[in-house]
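**Student:** If you scroll down you'll find the structure; I have some questions about it.
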Amino acid sequence: MNYKLIMTGILAGAATMTAMAHTDPLRFNPSIGTAQTLTMPDGKTVPYTAYEGIFYVTNVEDSTYQTLNIYVPTKMADLKRVPILLRTYVGGYAASTAKSPSPSDATGRALSEGYVVCIPGSRGNNSVIKKDGKDYYTGRAPKGLLDLKAAVRYLRYNDDLIPGDSELIFTDGTSAGGAMSSLLGATGNNRDYADDLKAMGAADARDDVFGAICYCPITDLNHADMEYEWLYGCTNTGVRHLDEAQIAISNELAAECPAYINSLGLTEADGTPLTADNYKDYIKSFLMASAHRAVQEGCEIPDSIGFTFYKDAGGPGGGGPRPGGNNRPPMDQDGRQAPSFGPTGTPRFDKTSDFVTGLDLDKYLSYVASVTPLKTPPAFDQMGVLIDTPSPENAEFGNTAGDGANFTDFSLRHRLHDPKATLDKEMTRRVKLMNPMNYIGSENTTVAPNWFIRHGAKDRDTSFLVPINLATKLQNTGKNVNFFLPWNRPHSGDYNLDDLFSWISSVLPE
Ligand code: DHB
């Protein structure tokens, strides 16, 4: 063997490898980092390195949104394996640019904990480019989700170059962003998304995550209308003030819900089957747990909103059984520092011995509706039923020309005045891809093992059934679920960060 030839061959090979590393557009380039700092609410300064404006797919369609930012704290957490918080700022199913960390939400807190933060942008129902002189909508479902999945893949693909452990990704989002987080958690590595991701030029890597943090997820969109009317129908002629046509739609939708609930085959934590018959008691158990926690914290809950209380249950800690009450343990008792109902101060109830024994659900729902007016039916797939305006969800399922679309047979039939109309095959596929309920417990899917789900006890943006079904299905399929309806919380996210971050550290591997 000619030594010189071999050496030349080796050197040429090494040069090609180096060139490849530099020409692979999906390889993370550590040299772009810039030093930045964040000042936290307590005045503490958190230094970190920012890597911004990174394209996470090779076939970029919308350069405004298909980038991500990565933030690496200068002082990494003292852990063998440091988690990565992937925060999406999607709201209203709209597009979202890659953002920088904020001292007032989970991103700033994560950096100050020494965790790595990734904030991807993603296309959405309003992202638009000019194509052949015309508006071309780039982000209709499932494009925004595909972008976020591509961002997860990017982190995995570059695990050797990006600080933090891509096997410990926590996704976080609120509302439509909470829905995206739930989808990232529920659909890991499922082949249904594979061809689209490949066509986008997403990294060839896994896209499952370790934990999903979902604040008030607006999800299960194709059942959300019936779930809303089944729950809130009791307010139709009261605080909701619906007209006759709206009441008719509300009743029609509500009538479809029991079959859906029964089809889910869910069980309570003790194995009791959940059906439309006992489901309202199940909802009540979560609301009562929320109110009970609030009372324990000294919140005043007026008698007028439906709760009944039992005093003097037998000494410190509340003691014995709850007479006339619901003894089901809530799925998780977490939720400390839930905001108070009205002014705290002198508690009306003895903190050690009083507890919530009952709830008139209809009364409480009327209260919720009196705080924030309810959506009118259909709450989500509204276009063409009683009004023509597309909802954010109609836009989400619309087309590249910017038109909205129906995503349920119910609304399609009403809009077309055709009782036999059904969604076409492609729409059925898109609707399926956007619903985490379809993937939890399904084969060939890596569902996140850890879930933190919150939905405010007075949040009416979607029905309580949506987060409860999500949490219950996850729990029923063996996932670690921390679920609570925080008292007096409206539609919001990234609150009670002490709770969130103590949960994160509790689920991290040793
Ligand atoms: C959001 C809120 C909604 O009520 C809705 O229908 C969709 C999205 C949001 O805040 O993201």
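**Student:** Relative contact order of segment 147-289, please, whole-number percent, based on alpha carbon pairs below 8 angstrom and at least 6 residues apart.
**Tutor:** Taking the mean separation of contacting Cα pairs over the length of segment 147-289, I get 21 percent.
**Student:** Can you tell me which aspartates and glutamates have their Cα less than 12 Å from the Cα of K198? Leave out same-chain residues fewer than eight positions away.
**Tutor:** Qualifying aspartates and glutamates at Cα under 12 Å: D147.
**Student:** How do E426, E443, E229, E167 rank by accessible surface area computed with a 1.4 Å probe, from largest to smallest?
**Tutor:** Greatest to least solvent exposure: E443, E426, E167, E229.
**Student:** Just report the Cα centroid separation between segment 373-413 and segment 466-493, whole Å.
**Tutor:** Taking the Cα centre of each part, segment 373-413 and segment 466-493 sit 26 Å apart.
**Student:** Provide the percentage of antiparallel DSSP beta bridges, counting only those with both residues in the chain; round to the nearest 5.
**Tutor:** 55 percent
**Student:** How would S182, S442 rank on accessible area, largest to smallest, probe 1.4 Å?
**Tutor:** So, going from the largest accessible area down, we get S442, S182.
**Student:** Helix 176-186 versus the longest principal axis of the chain: what angle, 0 to 90°, nearest 10, using Cα atoms?
**Tutor:** 70 degrees
**Student:** So how tilted is helix 497-507 from the main axis of the chain? Cα-based, degrees 0 to 90, rounded to 10.
**Tutor:** Once rounded, one gets 70 degrees.
**Student:** Anything over 25 Å Cα to Cα? Flag those among K130/K375; K280/K363; K99/K149; K44/K75; K143/K284; K375/K420, in the order listed.
**Tutor:** K130/K375; K143/K284; K375/K420
**Student:** Another question about this same structure. Placing +1 at every Lys and Arg Cβ and -1 at every Asp and Glu Cβ, with all other atoms neutral, what dipole size does the chain have around its Cα centre, in debye to the nearest 20?
**Tutor:** Dipole about the Cα centre, nearest 20: 860 debye.
**Student:** Here is a follow-up. I'd like the orientation of helix 361-371 relative to the chain: the angle between its Cα long axis and the longest Cα principal axis, in ° from 0 to 90, rounded to 10.
**Tutor:** The angle comes out near 60 degrees.
**Student:** Okay, moving on. Carbon-plus-sulfur fraction of the accessible area of segment 122-226, 1.4 Å probe, in percent?
**Tutor:** Carbon and sulfur: 46 percent of the exposed surface of segment 122-226.
**Student:** What residues have an amide H closer than 5 Å to that of L423, excluding those fewer than 5 places away on the same chain, when H is modeled at 1.01 Å from N in the peptide plane?
**Tutor:** D409
**Student:** Can you pull the accessible area of S366 for me, 1.4 Å probe, Å² to the nearest 10?
**Tutor:** In the full protein context, S366 sits at about 40 Å².
**Student:** Follow-up question, since we're still on this one. How many angstrom lie between the Cα centre of segment 166-194 and the Cα centre of segment 435-457?
**Tutor:** 8 Å
**Student:** Sticking with this structure for a sec: In whole Å, largest first, what are the principal axis extents of the Cα atoms in the chain?
**Tutor:** Computed over the chain, the largest-to-smallest principal extents equal 91, 61, 40 Å.
**Student:** Could you point to the residue in M434, Y282, G384 farthest towards the positive end of the chain's charge dipole, with +1 and -1 charges on the Cβ of Lys/Arg and Asp/Glu respectively?
**Tutor:** M434
**Student:** Restricted to Cα positions, what overall size does segment 25-84 have along the principal axes? Three whole-Å values, descending.
**Tutor:** 41, 27, 19
The values are calculated or read from the model by the stated rules, or taken from the named source; none is laboratory data. All figures in this text were calculated on a predicted structure; none of them were measured in a lab. Backbone-built Cβ (ideal geometry, glycine too); neighbour counts: all protein chains shown. Side chains are part of the model used for accessible areas, which takes the heavy atoms of the whole protein and leaves out ligands, DNA and RNA. Shrake-Rupley method; radii C 1.70, N 1.55, O 1.52, S 1.80 Å.
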